[in-house]
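Here's the structure we're looking at; comments come further down.
The values are calculated or read from the model by the stated rules, or taken from the named source; none is laboratory data. The model shown is predicted, which means the values in this text are computed figures rather than measured ones. As a convention, Cβ positions derive from the backbone with ideal geometry for all residues, glycine included, and neighbour counts pool all protein chains shown.
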Amino acid sequence: MNQQRLIEDAWALTEAIELAVGKEDWEHAAGLAEARSPMLMSLQAGQPADALILIRKIQASMDAVAARARDAQTTLSATYRRSMDGAKAASQYHQAARL
């Protein structure tokens, strides 16, 4: 596959990843990123200017998706911690009620 086609296919997958992330479909986004990875790894140096522009857009998207994933993970962790604290409090209440 030629380099231009690789970049275009990688960009199409990047757009699909952004769509999946927008729907918070992290599993699908991860699968798409996994499919895109070999394409990015096979890119060669010395790309023309228009290809570099698209590559930079892919890089910017990857950074934005990573930031969104970190935010989602932080939110999920905080929600988990609150749930565990609530379960612990309920357990302590039940133990005290038995006394």
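Quick notes on this one:
- Residue match in the stretch 41-52 (condition: at pLDDT 95 or above and in contact with a Ser or Thr (Cβ under 8 Å, 6 or more places away or on another chain)): no
- In the stretch 1-39, the residues that are of a type outside the set (Gly, Ala, Ser), farther than 16 Å from Gln59 by Cα and either outside any helix (DSSP H, G or I) or in contact with a helix residue (DSSP H, G or I) (Cβ under 6 Å, 6 or more places away or on another chain) (or both): Met1, Asn2, Lys23, Glu24, Asp25, His28
- Listed conditions (1) without any contact (Cβ under 8 Å) to a residue 24 or more places away in the chain; (2) more than 18 Å from Gln73 (Cα to Cα); (3) small (Gly, Ala, Ser) are all met by Ala51, apart from (1).
- The set of residues in the stretch 40-83 that are assigned to a loop (DSSP other than H, G, I, E, B) and either in contact with a strand residue (DSSP E or B) (Cβ under 6 Å, 6 or more places away or on another chain) or surrounded by 13 or more Cβ atoms within 10 Å (Cβ to Cβ) (or both) comprises Leu43, Gln47.
- Verdict on Glu27 being of a type in the set (Asp, Glu), closer than 29 Å to Asn2 by Cβ and at pLDDT 95 or above: no
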